[in-house]
Amino acid sequence: MPDRKRKLRILLMHIVILPTLLFVFYFFTLAPRPWTGVDEAVVEKIAKEHGREARSPLINSDRGDLLLFVFLVAGVIGGFVAGYCWRSLSKKNQDGTGDNKQ
């Protein structure tokens, strides 16, 4: 009997989830154009109204893996600092508490 209830639950779950997923997919394919971000929809529009055109950024992180490299370097530096200070970060006092205030 428990096996039958389990199969019924799985069937009901599929009856609910599959049409929901199909509806969501269909809803997002009806969009007339791709959604624009805040930069394009608001900031650029207001900048054009005030006579300033958009220009390319000073450091363009869209090309290549510059942003990934910056986060990698920050992680390495943070890991080095945490490793160097590990004893003082995890040291317990004489009374057995973790509070290492001096």
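The values are calculated or read from the model by the stated rules, or taken from the named source; none is laboratory data. Values in this document were obtained by computation on a predicted structure and should not be read as measured data. Positions of Cβ are generated from backbone atoms using ideal geometry, with glycine treated the same way; all protein chains shown enter the neighbour counts.
Name every residue in the stretch 23-51 that is modelled with pLDDT under 85 and assigned to a loop (DSSP other than H, G, I, E, B), in order of residue number.
Those that are modelled with pLDDT under 85 and assigned to a loop (DSSP other than H, G, I, E, B): Leu30, Ala31, Pro32, Arg33, Pro34, Trp35, Thr36, Gly37.
Within the group Ile10, Ile59, Ile17, which residue is exposed (fewer than 10 other Cβ atoms within 10 Å of the Cβ), out of contact with any His (no Cβ under 8 Å at 6 or more places or on another chain) and β-branched (Val, Ile, Thr)?
Numbers: Ile10 fails: exposed (fewer than 10 other Cβ atoms within 10 Å of the Cβ); Ile17 fails: exposed (fewer than 10 other Cβ atoms within 10 Å of the Cβ).
Every option except Ile59 fails the conditions.
Looking at the structure I just gave you, is Ala54 surrounded by 10 or more Cβ atoms within 10 Å (Cβ to Cβ) and part of a helix (DSSP H, G or I)? Talk me through it step by step, then tell me what you get.
Values: surrounded by 10 or more Cβ atoms within 10 Å (Cβ to Cβ): yes; part of a helix (DSSP H, G or I): no.
In short, no.
Among the numbered criteria (1) surrounded by 10 or more Cβ atoms within 10 Å (Cβ to Cβ); (2) among the basic types (Lys, Arg); (3) in a helix (DSSP H, G or I), which one does Arg87 miss?
(1)
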